[in-house]
Structures are given as C-alpha cells and as structure tokens.
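Asks: Got a structure for you, questions after.
Here, each number is a calculation from the coordinates, and none is a lab measurement. The structure displayed is predicted, hence computed values, not measured ones. Note that each Cβ is placed from the backbone with ideal geometry, even for glycine, and that neighbours are counted across all protein chains shown.
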Amino acid sequence: MCLVIVAMRRPITILVAVLAAVSGAYLATRRMKADMFRKVGAAVALGRRAISDCRTGAVAIVTFIGLLATKKLPEPLLIIPEGMLGLLLQRGTLS
C-alpha cells in the first residue's frame, strides 16, 4: 500500500525509475555477447528437485553431456527420451 501512495504523490519519480530499469535491461541484453546457460536452462531448473538417487543422477549427467555435446539439437529431443528412461528406471523395468 505504501508503494501506491508514493506513486500517487510522485508519479514522475516512479516513471523515471521504471524507464531507468527498462533501459538498463535493454542495454544489458544488447551488450551481452552470449547466453551461456541457454542450452542447460530446463535441465538445471527441473533437476534441482528431481535428482535424489544414483539412477536419476546418471540420467541427469547423460542429459547434461548430451546438451553440451550437441550444438543445434533442441532440448526436447534430449530431455523427453531421458525422462522416459527415468520413468522406466523408477518403475524397476530396466533395473
């Protein structure tokens, strides 16, 4: 509620702050040479909670190596088969 009151009392200050944040983000993305973690983004986000034993760790390592080894292969083509393998390992059909 306090932020709304400040915005109502000083609209120019809030406008300048928002424009500074937007222009700073724009300049930062324009000057960035490369997105280093774009390829492994989904694997890292999903793996933080999912890796709980040796089998799922092995599946995660294979996926990570596959993502790093291939340059132009989309993430779903590696993550979906690895997910299926993980489900089979969890059910005990491949253990």
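Asks: May I ask you to compute the full-extension gain from Leu3 to Ala17, defined as 0.36 nm times their residue separation minus their alpha-carbon distance, rounded to one decimal in nm?
Replies: Working: separation 14, 0.36 × 14 = 5.04 nm, distance 1.29 nm.
Here the answer is 3.8 nm.
Asks: I need Thr29, Thr56 ordered by Cβ neighbour count within 10 Å, fewest first. If you can, show how the numbers build up before the last one.
Replies: Numbers: Thr29 9, Thr56 16.
By the 10 Å Cβ count, ascending: Thr29, Thr56.
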